[in-house]
Amino acid sequence: MAVYAAAAGVLAGVESRQGSIKGLVYSSNFQNVKQLYALVCETQRYSAVLDAVIASAGLLRAEKKLRPHLAKVLVYELLLGKGFRGGGGRWKALLGRHQARLKAELARLKVHRGVSRNEDLLEVGSRPGPASQLPRFVRVNTLKTCSDDVVDYFKRKGFSYQGRASSADDLRALKGKRFLLDPVVPELLAFPAQTDLHEHPLYRAGHLILQDRASCLPAMLLDPPPGSHVIDACAAPGNKTSHLAALLKNQGKIFAFDLDAKRLSSMATLLARAGVSCCELAEDDFLAVSPSDPRYSQVRYILLDPSCSGSGMQSRQLEEPGARTPSPERLHALAGFQQRALCHALTFPSLQRLVYSTCSLCQEENEDVVRGALQQNPGAFRLAPVLPTWPLRGLSRFPGAEHCLRASPETTLSGGFFVAVIERVEAPSSASQAEASAPECTPSPAPKRKKRRRQAAADAHTLPGT
Ligand code: SAM
């Protein structure tokens, strides 16, 4: 199916409330989901402008067979987009007959509104905000390559490497063909906002993963050592799973669950492209996964990134302008599921460390869920203090909430995000009780090694000013 017909189908589906742009793009079976998603979002953004131009040019009256959604996509591409791509020949001829009139109507609209740029025709709110000015973050997939090789590659292609950023201000100042290493997330490169790597051969080959900065935090903070058994409870489409696999060096096991078959199938493609070989995918309800199943007896790490309102996602604002403030009923339902999923995860018998994350801004889905789960397990788990220099902390709704992290375009150059790291409170063993009462004590080797490793990770990730 040509991209224009697919985009028109998605727009029609969104209008008749069959689903969100993202959901309908995934279920369209169109191969290049990124291309389709971008085209639909941009057409939607300019929807009012396109309606006005199409109406005043009389396009639909003249071309009776042209459906309105397809007309909108085509006119977007002709006047505002990149020009016709796949399947463009047929439509080019049709629109060619109206091109002069359509262009004139667009020019007239600009004169009428007293603006000179296409972007100025947009309503405030659908103009590019901070998110579109954020650096483009690219995670180097260490299952396939390493940062040094990627840096050398881009240098050979004419980019100028500036080393590791020392602060978020360095990232904000990126322009031209410069790029940097992120100051907090290892293996994360930052390019200027206009950089588009969607068609880049290194991305297509799975050497690079295009990932929001904050969405790299969950796997980084879970930090499972190679050989560990990990559960990724709500895993699709799998960017965090592939990050976990990279940290594990493909050694150990990831049990990844998701309810949505279509998202799982995209995930299988993504993982194959990323060279992930340590992951078992299952189309299962995580709430029905039994913690007493012997297969999960060695699971010490769980990543829980459940469905949420998405109120922190900039793209969601585009699809549903009210998404920043989901209804109380929706919030209640989402928070109920999130709370059940978190409490369920905490019942896995060998669990040591869990990361809970959402791309929501709502306290009900974030701090309240974490507080509820800790209250239901008194004394058994606590919030781990992580990334002390990360500037945005959890809302102080309960003691310790400052250990949670929040993220925003303005402060941390990412989508709106929330992360909490929960760790089991070790019951003092009889051995350590004896050590504590001995005049001189030598910590046992295993905990000492573990502690050093965490500390090293914390040091590496806590450069000031991010
Ligand atoms: N962690 C993913 C990533 O980084 O690519 C994104 C996960 S997305 C926020 C939430 C996922 O949870 C959706 O794919 C949804 O299908 C899945 N989900 C919702 N309810 C679930 C359940 N009860 N069990 C397993 N997965 C579920």
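Relative to the longest principal axis of the Cα atoms of the chain, helix 239-248 runs at roughly 40 degrees.
Rounded to whole numbers, the Karplus 3J(HN,Hα) couplings from phi for the stretch 112-119 are 4, 8, x, 10, 10, 9, 4, 4 Hz, using 6.51 cos²θ - 1.76 cosθ + 1.60 with θ = phi - 60°, and x at Gly and Pro.
The aspartates and glutamates within cross-link reach of residue 144, meaning a Cα-to-Cα straight distance under 16 Å and a gap of 8 or more places when in the same chain, are 152, 187. Candidates 358, 96, 219 compared by Cα position along the dipole of the chain: farthest toward the positive end lies 96, with charges placed on Cβ. A Förster distance of 60 Å, applied to the separation of the beta-carbon atoms of residue 61 and residue 262, puts the FRET efficiency at 0.95.
Distance cut-off 30 Å, Cα to Cα: go down the list 82/155; 92/262; 82/157; 22/82; 92/175; 22/92 and report the pairs above it.
Values: 82/155 27 Å; 92/262 33 Å; 82/157 23 Å; 22/82 21 Å; 92/175 35 Å; 22/92 27 Å.
Those over the limit are 92/262; 92/175.
The distance from the alpha carbon centre of the stretch 135-153 to that of the stretch 258-291 is 24 Å, rounded to a whole number.
Take the Cα of residue 426, step 7 Å toward its Cβ, do the same at residue 205, and the gap between the two points is 4.4 nm.
Under the rule a/c < 1.5 gives rounded, and otherwise a/b versus b/c splits prolate from oblate, where does the stretch 261-310 land using the Cα gyration tensor? Don't skip to the end; give the middle numbers.
Working: a/c = 1.87, a/b = 1.26, b/c = 1.48.
Oblate, because a/c is 1.5 or more while a/b does not exceed b/c.
At most 12 other C-beta atoms within 10 Å and a DSSP loop state: those are the exposed trypsin sites (Lys or Arg not before Pro) I care about. Give me the longest piece of the chain that has none. Let's see the in-between values first.
Numbers: sites that count: 17, 64, 65, 82, 97, 117, 157, 175.
Within the chain, the longest run free of exposed trypsin sites (Lys or Arg not before Pro) spans 176-466.
Rounded to the nearest 500, the 222 nm mean residue ellipticity of the chain from helices alone is -11500 deg cm²/dmol, with -39,500 (n - 2.57) taken per DSSP H run of at least 4 residues. In debye to the nearest 20, how big a dipole does the stretch 88-207 give about its Cα centre with +1 on each Lys and Arg Cβ and -1 on each Asp and Glu Cβ? About 800 debye.
Can you tell me the orientation of helix 328-345 relative to the chain, as the angle in degrees between its alpha-carbon axis and the longest Cα principal axis, to the nearest 10? Tilt relative to the chain: about 40 degrees. The residue among 369, 21, 386 whose Cα reaches farthest toward the positive pole of the charge dipole of the chain, with charges on the beta-carbon of Lys, Arg, Asp and Glu, is 21. Set the Förster distance to 35 Å, then compute FRET efficiency between residue 397 and residue 32 from the Cβ-Cβ distance, nearest 0.05. Once the sixth-power term is evaluated, E becomes 0.25. Taking the C-alpha atoms only, the angle from helix 367-376 to the longest principal axis of the chain is near 30 degrees. On a per residue basis, the stretch 354-434 carries 39 Å² of accessible surface, using protein heavy atoms and a 1.4 Å probe. Scanning residues 5 or more positions from residue 208 or on other chains, those with amide H under 5 Å from its amide H are 141, 203, with H placed 1.01 Å from N in the peptide plane. Take the Cα of residue 148, step 7 Å toward its Cβ, do the same at residue 194, and the gap between the two points is 3.3 nm.
Of all the stretches in the chain, which is the longest one without any exposed loop site, taking GluC sites (Glu not before Pro) in a DSSP loop (any state but H, G, I, E, B) with at most 11 other Cβ atoms within 10 Å? If you can, show how the numbers build up before the last one.
Working: sites that count: 123, 199, 426, 440.
Longest site-free region, per DSSP loop and neighbour criteria: 200-425.
Across the stretch 254-263, rounded Karplus estimates of 3J(HN,Hα) from the backbone phi angles (6.51 cos²θ - 1.76 cosθ + 1.60, θ = phi - 60°) give 10, 9, 10, 10, 7, 7, 9, 4, 5, 5 Hz, Gly and Pro being marked x.
Subtracting the Cα-Cα distance of residue 110 and residue 51 from 0.36 nm times their residue separation leaves 19.8 nm of extension gain.
Relative to the compact-globule estimate of 2.2 N^0.38 Å, the Cα radius of gyration of the stretch 219-360 comes out at 1.06.
In this simple spin-label approximation, residue 118 and residue 90 carry label points 7 Å from Cα along the Cα→Cβ vector, and these lie 2.4 nm apart.
The values are calculated or read from the model by the stated rules, or taken from the named source; none is laboratory data. This one's a predicted model, so the numbers in the text were calculated from it and none came from an experiment. As a convention, Cβ positions derive from the backbone with ideal geometry for all residues, glycine included, and neighbour counts pool all protein chains shown. Only protein heavy atoms, including side chains, enter the accessible area calculation; ligands, DNA and RNA are left aside. Shrake-Rupley method; radii C 1.70, N 1.55, O 1.52, S 1.80 Å.
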